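Report on the structure given below.
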Amino acid sequence: MIVFDLRCQHGGHVFEAWFGSSADYESQQQRGLLSCPICGDTVIEKAVMAPAIGPKGNQSREHTPSQQAHESTAPSGGGTAPSVPMTALDPQAVKSMLNALATAQAEALKSSTWVGKDFADQARAMHEGDIDQQPIHGQTSLDEARELIEEGIGVMPLPFPIRPPGMDN
Ligand SMILES: [Zn+2]
């Protein structure tokens, strides 16, 4: 197939027509079989120097919007919920993990000094350099702990509640 841009002599309308070959176009043109789709003029000539053979570019088909496939490429709106793999924890595994954590805490507290309610004061004093640095644990309020953290003093809650010394009796 070959496409020519044709133009009617009467109205100067330019239109596009497909032919089986260049000879096919010439044959139809000579027999007056070509006519302007706008004004019906049968005196038709090539509008431009179209290539003798070969397809034309896509530009010549811009005026055929009806052929454009209106495909919807939009996502189906299923959302983008992340698929978080859920693992059912083995109760035994949790138990052993907690035991390990409790053991770690107990080991850490072995070298730590119980200061009871003096915790905040002691921690602050160590931070200020008033007393030697040493691991301590004790009791403090949530507000006090928050203040210590804001002052840059490293405190953290114990993962497990402990029985303060002196309360055994
Ligand atoms: Zn015309």
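Within the stretch 12-48, track down each residue that is away from the ligand (no atom under 15 Å from the Cβ) and among the acidic types (D, E). Step through it out loud before you land on a result.
Within the stretch 12-48, the subset away from the ligand (no atom under 15 Å from the Cβ) is 18-28, 30-31, 33, 48.
Within the stretch 12-48, D24, E26 qualify.
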Failed condition for I149, given (1) among the aliphatic types (A, V, I, L, M); (2) more than 37 Å from the chain's Cα centre (by Cα); (3) surrounded by 10 or more Cβ atoms within 10 Å (Cβ to Cβ), with all others met? (2)
Looking at the stretch 152-169, which of the residues that are surrounded by 12 or more Cβ atoms within 10 Å (Cβ to Cβ) and either of a type in the set (D, E) or free of Cβ contacts under 8 Å to residues at least 40 places away in the same chain (or both) is nearest to L101 (Cα to Cα)? V155
For the stretch 1-11, name all the residues that are farther than 13 Å from L34 by Cβ and either at pLDDT below 90 or away from the ligand (no atom under 13 Å from the Cβ) (or both). M1, I2, V3
Any pair with Cβ under 7 angstrom, 6 or more apart, that starts in the stretch 85-107 at a residue that is within 28 Å of G138 (Cβ to Cβ) and ends at one that is surrounded by 10 or more Cβ atoms within 10 Å (Cβ to Cβ): L101/P159; A102/F160; Q105/L158; Q105/P159; Q105/F160
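The values are calculated or read from the model by the stated rules, or taken from the named source; none is laboratory data. These numbers were taken from a predicted model, which means no experiment stands behind them. We place every Cβ from the backbone using ideal geometry, glycine too, and count neighbours over all the protein chains shown.
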